[in-house]
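Mind looking over this structure? Questions follow.
The values are calculated or read from the model by the stated rules, or taken from the named source; none is laboratory data. These numbers were taken from a predicted model, which means no experiment stands behind them. Note that each Cβ is placed from the backbone with ideal geometry, even for glycine, and that neighbours are counted across all protein chains shown.
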Amino acid sequence: MKNYKIAVLKGDGIGPEIVNEAIKVLDVTAEKCGFTVEYEETLLGGCAIDAAGVPLPEETVAKCKAADSTLLGAVGGPKWDTMPGNLRPEKGLLGIRAALGLFANLRPARIFESLRDASPLRADIIGGSLDIMVVRELTGGIYFGERGRLEENGVKAAYDTEKYSVPEIERIARIAFDLAMKRGKKVCSVDKANVLESSRLWRETVTEIAKDYPEVELSYMYVDNCAMQLVRNPSQFDVVLTSNIFGDILSDEASMISGSIGMLASASLGESGSGLYEPIHGSAPDIAGKNIANPLATILSVAMMLKYSLGQPEAADMIERAVSEVLTEVRTPDIWVEGFRKVSCTEMGDEVCARLSK
Ligand code: IPM
Ligand code: MG
């Protein structure tokens, strides 16, 4: 029987609660589909700072590299907000992305039929269907560019640098085009080429790569316009290809269209294919420990892991179907409306498992 080794980084805040539910679901799925999963827990973020003094211990990187894939909850919280920049939990997250070479971040924003009522957008705006794949560059740009502080004529200043090389743009563009070929065959490359030189190089490079994909329709959009179009006419988008920082912002926006940021999964992929899977939301310290967080984004991240890293697409479909079904009956508080049974985080996990076992 196939056995997979998964590194588990529960992280901070609601991280442990949502990851526990995702593991429950993965175990039931494994049993149904005839494979086994072994988990190796390790530290990242605030909990790693507390236990080991750094947000990303060496051991964590080693365990993730040794695993078939990595599942992450969320990192950060007020307790560590006053730490210096290189000792913040977020630095651990950026560090593990870099250490594992995870340059491609896939963030699908889809609307589950059963969750249409939870979208803040009117039904006529959402239109027939909504299935956007945000492809965000994850190990370059302003997140990793040169930064610093200085003093100019006695005035304090700080700077961060947005820099992209052609190979960095090429490899993320290829991911977007390859995905588009399996989907709606449309790529919208989002930049700020009317202002930024790095965006102009981005556009030129994407245009070149597009020549290898004659079947894919390529369009360009400035990021401010894209932010607007996402709420004006979201169904015009198939694959949205963009930089690290623009992807960070646009994926939060796209997630809300689908009802709740608690619903959006993500996959971070590199050359090795093992990948790291995490919900796109944060550690939500305000609701941590209350058993009210929505575990579905993490559960759906497990589905993405099964599809993109473990070669178990049927298992992934099973989970997605089960999630879609539970939403017709039960909701966590973030997506609850009149007429549905309100459930806790653990109950939501149980409900998904129950649908899987049917
Ligand atoms: C995300 C998060 C992270 C990011 C933070 C926590 C560093 O917002 O994964 O979207 O900006 O990449
Ligand atoms: Mg973000």
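Need the failing condition index for residue 284 against (1) out of contact with any strand residue (DSSP E or B) (no Cβ under 6 Å at 6 or more places or on another chain); (2) within 11 Å of ligand 2 (Cβ to nearest atom); (3) in contact (Cβ under 8 Å) with a residue 60 or more places away in the chain, just the number.
Only one criterion is unmet by residue 284, namely (2).
Conditions: (1) buried (at least 16 other Cβ atoms within 10 Å of the Cβ); (2) touching a residue at least 24 places away in the same chain (Cβ under 8 Å). Residue 34 meets all but one. Number of the miss?
Against the list (1) buried (at least 16 other Cβ atoms within 10 Å of the Cβ); (2) touching a residue at least 24 places away in the same chain (Cβ under 8 Å), residue 34 comes up short only on (1).
Is there a residue in the range 112-124 that is within 18 Å of residue 251 (Cα to Cα) and among the polar types (S, T, N, Q)?
yes
When you check residue 170 against the structure, is it away from ligand 2 (no atom under 16 Å from the Cβ) and assigned to a helix (DSSP H, G or I), yes or no?
So residue 170 passes the test.
While we're on this one: Out of the residues in the range 238-256 that are more than 12 Å from ligand 2 (Cβ to nearest atom) and touching an Asp or Glu at 6+ places or on another chain (Cβ under 9 Å), which is nearest to residue 112 (Cα to Cα)?
238
Can you go through 354, 316, 322 and tell me which one is under 17 Å from the mean Cα position of the chain (by Cα), assigned by TED's automatic domain parsing to the domain that holds residue 7 and either in a helix (DSSP H, G or I) or acidic (Asp, Glu) (or both)? Lay out the reasoning, then the answer.
On the way: 354 fails: under 17 Å from the mean Cα position of the chain (by Cα); 322 fails: under 17 Å from the mean Cα position of the chain (by Cα).
On inspection, the qualifying residue turns out to be 316.
Any residue at all in the range 257-276 that is within 14 Å of ligand 2 (Cβ to nearest atom), more than 23 Å from residue 91 (Cα to Cα), at pLDDT below 90 and out of contact with any Cys (no Cβ under 9 Å at 6 or more places or on another chain)?
No.
Here's something else I'd like to know. Of the conditions (1) outside any helix (DSSP H, G or I); (2) surrounded by 17 or more Cβ atoms within 10 Å (Cβ to Cβ); (3) in contact (Cβ under 8 Å) with a residue 60 or more places away in the chain, residue 272 satisfies every one except a single condition; which number is it?
Failing condition for residue 272: (2).
As an exercise: evaluate residue 9 against (1) among the aliphatic types (A, V, I, L, M); (2) under 30 Å from residue 180 (Cα atoms); (3) modelled with pLDDT of 95 or more; (4) assigned to a strand (DSSP E or B) and give the number of the one condition it does not meet.
For residue 9, the exception is condition (2).
Oh, and also: So which residues in the range 4-31 are under 18 Å from residue 316 (Cβ atoms) and either free of Cβ contacts under 8 Å to residues at least 40 places away in the same chain or basic (Lys, Arg) (or both), if there are any at all?
The answer is 24, 27, 31.
For (1) surrounded by 24 or more Cβ atoms within 10 Å (Cβ to Cβ); (2) modelled with pLDDT of 95 or more; (3) under 30 Å from residue 166 (Cα atoms); (4) β-branched (Val, Ile, Thr), each residue gets a yes or a no:
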| residue | (1), (2), (3), (4) |
| --- | --- |
| 60 | yes, yes, no, yes |
| 84 | no, no, no, no |
| 97 | no, yes, yes, no |
| 118 | no, no, no, no |
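Being exposed (fewer than 13 other Cβ atoms within 10 Å of the Cβ), within 25 Å of the chain's Cα centre (by Cα) and at pLDDT 95 or above, is that true of even one residue in the range 149-165? Break it down stepwise before answering.
The first filter runs over the range 149-165 and keeps only residues exposed (fewer than 13 other Cβ atoms within 10 Å of the Cβ), leaving 149-159, 161, 165.
Pick out the ones that are also within 25 Å of the chain's Cα centre (by Cα) and you get 161, 165.
Still in the running and at pLDDT 95 or above: 161, 165.
There is at least one residue in the range 149-165 that is exposed (fewer than 13 other Cβ atoms within 10 Å of the Cβ), within 25 Å of the chain's Cα centre (by Cα) and at pLDDT 95 or above.
Select, from 238, 252, 212, the only residue that is over 22 Å from residue 127 (Cα atoms) and among the charged types (D, E, K, R).
212
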